[in-house]
Every structure is written in structure tokens, then in C-alpha cells.
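The values are calculated or read from the model by the stated rules, or taken from the named source; none is laboratory data. The model shown is predicted, which means the values in this text are computed figures rather than measured ones. Because the Cβ atoms are built from the backbone with ideal geometry, glycine has one as well, and the counts that use them run over all protein chains shown.
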């Protein structure tokens, strides 16, 4: 299958998961780029980050029109997330890629466990 088709399918999956659960970039795009297209963890994270802007803008439209967005808190989340994203992007080059991958998997497992326990 050609790389653009695989990338589009990864994007489609990320969009569906993002629309359903508010996630997608890190949970679908990064593993998809690493596993299906052979990207390094760092390049996958960078590429996923570039995609998030458009994905978030598209996904927020139905939520905003249904008056489901808390814009006051969204502004504060945006401020904190923006600072954290810059810090994380700067740290990315300083972390060993194998350790980064294990930390990523650990984070996903912990998040899944917490969601199951709190369900």
C-alpha cells in the first residue's frame, strides 16, 4: 500500500478516535507512523504535533455548536498546554528514543488502568 494511503488511513483513525474520545495524535498517529511507516519516535511526535492543529479545529466545531465547550477553562488549558508543549518538544531531543518509547507505553497503560478503575 502506498505511503500516502497508509498516512491517510492513520489520519482517519486518529480523527475518529479524536472525535470520540478527545485524543488521537499521540495515541493513534504516533504509533501508526512508527509501526506502519517506520518513523522514529521523535519524527512521529513532531509530525503528529503538526497535524493536531487541523484535527482539533475540525473536531471542535460540532462540540462548539452544541454548546459543549467550556471556553473559560479551554483558554486556561490552552495556556498551560502551550507552555508544556514547548517544554516537551525541547526535551524530546534529549531523551533516549528507546526510553521515550517505554515511557510512552507506560503512560498509555497507566491512563488505561486509571480509566478502568474509575469507571
Residue count, segment 54-89, condition within 15 Å of the chain's Cα centre (by Cα) and surrounded by fewer than 10 Cβ atoms within 10 Å (Cβ to Cβ), comes to 1
Filtering segment 87-119 down to residues that are over 13 Å from residue 26 (Cα atoms), part of a helix (DSSP H, G or I) and touching a helix residue (DSSP H, G or I) at 6+ places or on another chain (Cβ under 8 Å) yields 89, 92, 97
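Residue check: is residue 39 part of a loop (DSSP other than H, G, I, E, B) and either within 17 Å of the chain's Cα centre (by Cα) or at positive phi (or both)?
Numbers: part of a loop (DSSP other than H, G, I, E, B): yes; either within 17 Å of the chain's Cα centre (by Cα) or at positive phi (or both): yes.
Criteria met by residue 39.
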Of the residues in segment 63-86, those that are at pLDDT 90 or above and in contact with a helix residue (DSSP H, G or I) (Cβ under 8 Å, 6 or more places away or on another chain) come to 69
The condition from (1) in contact with a helix residue (DSSP H, G or I) (Cβ under 6 Å, 6 or more places away or on another chain); (2) without any contact (Cβ under 8 Å) to a residue 24 or more places away in the chain that residue 30 misses is numbered (2)
